[in-house]
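The values are calculated or read from the model by the stated rules, or taken from the named source; none is laboratory data. The model shown is predicted, which means the values in this text are computed figures rather than measured ones. Please note: Cβ atoms are built from the backbone with ideal geometry, for glycine as well, and neighbour counts cover all protein chains shown. What goes into the accessible areas is simple: the full protein's heavy atoms, side chains included, and nothing from ligands, DNA or RNA. Shrake-Rupley method; radii C 1.70, N 1.55, O 1.52, S 1.80 Å.
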Amino acid sequence: HERCRLTTRQSSQPAWDMPRRLGIECARQGREPLSNRRGLVVEGDTATASLEAALRAVAGERQREPRVTPGAGDARSVVVGRSGSVPVGRVERDGVGFRRFSVTGWVAHDPGKAGAELGQLLEMRDLARSLVCLEQEGESADATEQRRGELRRCYEGYVATFGPVNRATVSASGRRSYPRMGGFRSDPGFIAVAALERYDEATGTAEPASILTGRRLEARVAVEAVTEPVEALAVSIAELGRLDVGLVASLLGCGAGEVDGRLGDLAYRDPLSGELVDATSYLSGNVRRKLAEAREQAEDEPCYARNVAALEAVVPTDIGPDELERVLGSSWVALELVEQFAKSLVPDSVGGREQVSVSYVAATGEWIVRCPSWVTTGLRAGHEFGTREMDAMAILQHALNAKSPVVRAEDADGRLVVLADATQAAIEKAQLLVEAFDDWL
């Protein structure tokens with residue numbers, strides 16, 4: 001017998017399936033899923049050359065494995081290698097403990113007193129993923145049903161020990177609280193495990209979902225060739241989440257250099273990266289920025305003129321000042337404009353216009369209007385936007401912060417009460433101020 005050690009990598013294929021795909025037998029100890037180990041010790045009569053050939057064949061399949069690459073600013077997953085991505089929040093065994101994948105990489109994870117429960121949940125997650133892969137790939141009924149049986153036994157064991165996966169406690173007020181499950185509820189795979197049962201909230205009981213009783217997925221058929229460019233593009237996006245020139249060329253039976261011409265208006269070359277991008281992706285997003293980049297590049301390379309023409313057709317029309325409505329208080333409005341408007345509310349007869357100032361606190365998104373009391377006295381009753389109880393500057397500050405002004409006064413017992421009529425009058429003045437700013441702007 002020859003012995004060798006294989007180090008597992010993250011892949012959509014379950015690690016425990018790999019030995020079977022290589023035609024070798026793998027020693028397994030205990031109930032720990034093989035995907036949770038650092039390496040696999042493989043034993044068998046397979047010759048070194050045969051094993052190497054089998055490994056190369058599997059590696060070749062990885063080139064066509066569906067893979068979605070996160071977009072810019074997407075912090076939900078981090079790409080690792082060529083075979084896939086590890087989603088942020090994923091929990092795995094790490095020796096006798098656990099680890100969680102964060103935006104900075106793998107970190108230690110403490111399940112508290114729920115370590116045993118977390119271990120069973122992880123095994124269910126991995127078994128469920130393995131079963132889905134087996135059904136999608138059209139594996140033999142024996143292998144698929146064997147995996148289904150393992151998953152069902154694991155699920156039934158969990159329910160017998162801990163209760164339904166979707167269990168919850170409802171308080172007298174109707175508030176639901178859920179068990180932490182050692183932190184597994186934050187794992188991206190939790191939803192797949194939760195879907196393994198049909199839970200009845202009224203009785204607090206659950207029954208196995210249909211995937212635990214029989215086949216539910218049809219085998220995925222690989223597309224090897226197409227005749228139309230639009231079909232090749234669709235296959236590339238479906239399998240890889242992007243336009244892959246090599247795959248499109250293979251599907252169309254042409255050279256990589258011919259793909260650009262074959263796709264035509266279905267794709268555009270990005271002037272910054274030089275990569276071919278599908279039209280839907282290229283002609284969306286910040287098209288104004290893309291148009292500026294295309295125009296600059298087209299000055300030196302006329303081939304980008306088609307990019308310019310396509311982007312000009314999708315750039316939205318600029319909104320004119322007369323189309324703006326209810327913009328008072330918007331963070332994008334220049335502070336100087338708001339301050340000019342506030343000063344314009346002070347009549348010449350009152351004076352002190354230059355004493356009015358407006359500031360904006362970006363950290364809290366709050367507008368602050370400052371005005372001397374001797375000026376605000378003349379901005380109450382008799383002013384277009386003031387009332388007897390609240391001056392125009394105070395009402396303006398409420399309107400800037402999208403808050404309804406409230407007028408209060410002490411009653412006979414010294415308690416503060418809301419004056420309904422005065423409050424309604426102030427609210428109406430605030431609405432008039434919002435409309436007046438639109439007209440002034």
Taking θ as phi - 60°, what are the ³J(HN,Hα) couplings along segment 416-428 by the Karplus curve (6.51, -1.76, 1.60), each to the nearest whole Hz, with x for Gly and Pro? 6, 10, 7, 8, 4, 5, 5, 5, 4, 5, 5, 5, 5
Using only the alpha-carbon atoms of segment 89-187, report the extent along each of the three principal axes, biggest first, to the nearest angstrom. 49, 38, 22
Would you grab the residues whose amide H sits under 5 Å from the one on Val86? Only those 5+ places off in sequence or on another chain, please, with H modelled 1.01 Å from N. Val78, Val80
What relative contact order, as a whole-number percentage, does segment 237-297 give when Cα pairs under 8 Å and 6 or more residues apart are counted? 24
Expressed as a whole percentage, what fraction of the accessible surface of segment 304-441 belongs to carbon and sulfur atoms when a 1.4 Å probe is rolled over the protein heavy atoms? 49
Can you tell me the length gained on complete extension of the stretch Ala381 to Tyr199, counting 0.36 nm per residue apart and subtracting the Cα distance? 59.2 nm
Express the accessible area of segment 349-441 per residue in Å², computed with a 1.4 Å probe while the remaining protein chains stay in the model. 57
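For Trp332, Trp367, Trp440, what's the largest-to-smallest order of accessible area, 1.4 Å probe? Walk me through the numbers before you get to the answer.
Values: Trp332 155, Trp367 5, Trp440 95 Å².
Highest to lowest solvent-accessible surface, that is Trp332, Trp440, Trp367.
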Go through segment 162-167 residue by residue and turn each phi into a ³J(HN,Hα) via Karplus (6.51, -1.76, 1.60, θ = phi - 60°); whole Hz please, and just put x for glycine and proline. 10, x, x, 4, 8, 4
Contour minus Cα-Cα distance for Trp106 and Thr169 (0.36 nm per residue): 19.5 nm
For segment 102-116, Karplus couplings with θ = phi - 60° (6.51, -1.76, 1.60), whole Hz, Gly/Pro x: 10, 5, 9, x, 6, 10, 5, 10, 9, x, x, 8, 9, x, 5
Placing +1 at every Lys and Arg Cβ and -1 at every Asp and Glu Cβ, with all other atoms neutral, what dipole size does segment 145-198 have around its Cα centre, in debye to the nearest 20? 200
Once amide H atoms are built 1.01 Å from N in the peptide plane, which residues 5 or more positions from Asp94, or in another chain, come under 5 Å H to H? Arg99
In cubic angstrom, how much convex hull volume per residue do the alpha carbon atoms of segment 249-315 span? 83
Under 20 Å from a label point 7 Å along Cα→Cβ of Trp332: give me every residue in segment 304-322 with its amide N that close. 312-322
If amide H atoms are built 1.01 Å from N in the plane of the peptide, which residues on other chains or at least 5 residues away come under 5 Å of the amide H of Arg408? Leu419
Less than 22 Å apart at the alpha-carbon level, and either on another chain or at least 8 residues along: which lysines does that give for Lys429? Lys343, Lys403
